Amino acid sequence: MSPETAIPVKAPAGADRTDRSRARARAARRHKLLVHGARVLLLVALIGLWEGLARAAVIDPFNFSMPSRIWNQISQWALNGTPQGSLWEQIWYTLYEALLGWVIGVVGGVVLGIALGRIRFLADVLGPYIKVLNALPRIVLAPIFLIWFGLGPASKVASAVVLVFFPVFFNAFQGAREVDRNLVANSRILGASNRQVTLQVVIPSATSWIFTSLHVSFGFALIGAIVGEYIGATKGLGLLVSASQGTFNAAGVYAAMVILAVVALLAEGLLAFLERRLFRWKPADAGDGR
């Protein structure tokens, strides 16, 4: 072999893996930026189209309003308050009702779901009743709660509870039923009691099922609080919607809906953050654009 002949040197396997990891990280960042950019462009396009159609009188601005009027309404409420008081007080009142109803519904759904998932006798006895209650249109219970509990927050909390309870219950129940039987058997071989199996095996295994329901259940809690306030209340965003509708103020109705959407998005972001912190051991979903 002549001295001029180049001898190829193979790169270390560790360096090759590092390069692939960096390339995947760059591709993931580019995908994330592309997704966020597309979301912003879509939102801007929809708002611009709405504003343009309303100004051109293609759609009736009185009935459909327009984004500029909605922004002016939010600004007016934020700076000068609403007829019912400070805007921030209305937001907090609705958020308080939704949060309290959400916590009660989640705790009740998790406890009863795990209990029925672990104890077949309870599931056989209570199952038909839960199915019947789940089949009821729960929104129509709001007027009944208003009669029972009055115009205060209790009736709105009750409406939120019944909307939150069932999705959390069914996910917790299914999570308890889907626990790996080998884990349960091994725990019993090691001498674990029923309480230890439930607390240390079943509940941790069902946590991902429960968190899946939490993402949608807080939105249900907001719906319950808003519907209750719309029917009858002294404060809250639902009362703003009702008052705006009563005065044919379409911008006020949409403004309250925008505020609700922002609150729901912030809550969803907080839940997603907590889920990532609790489930750091789970591999990231390649298709997750969040």
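The values are calculated or read from the model by the stated rules, or taken from the named source; none is laboratory data. It should be emphasised that the depicted structure is a prediction, and the values quoted were computed from it without experimental measurement. All Cβ positions, glycine included, derive from the backbone under ideal geometry; neighbour counts span all protein chains shown. Side chains are part of the model used for accessible areas, which takes the heavy atoms of the whole protein and leaves out ligands, DNA and RNA. Shrake-Rupley method; radii C 1.70, N 1.55, O 1.52, S 1.80 Å.
Side notes on the structure shown:
- For the peptides 152-159, 205-212, residues were scored by their other Cβ atoms within 10 Å and the scores averaged per peptide; the highest-first order is 152-159, 205-212.
- Net length available on complete extension from Val262 to Leu49 is 74.6 nm, with 0.36 nm assigned per residue and the Cα-Cα distance removed.
- The order of Leu239, Leu43, Leu126, Leu266 by accessible area, most exposed first and with a 1.4 Å probe, is Leu266, Leu43, Leu126, Leu239.
- Among 133-140, 109-116, the order from most to least packed when residues are scored by Cβ within 10 Å on average: 109-116, 133-140
- Spatial offset of region 212-241 relative to region 13-80 amounts to 25 Å, using the alpha carbon center of each.
- Inter-part distance where region 250-270 and region 107-122 are each reduced to a Cα centre, Å: 34 Å
- Using the Cβ of Leu100 as centre and a radius below 15 Å, the other residues enclosed give a net charge of 0, where K and R count +1 and D and E count -1.
- Packing, as the average of other Cβ atoms within 10 Å across residues, places the peptides 248-254, 168-174, 57-63 in the order 168-174, 248-254, 57-63, highest first.
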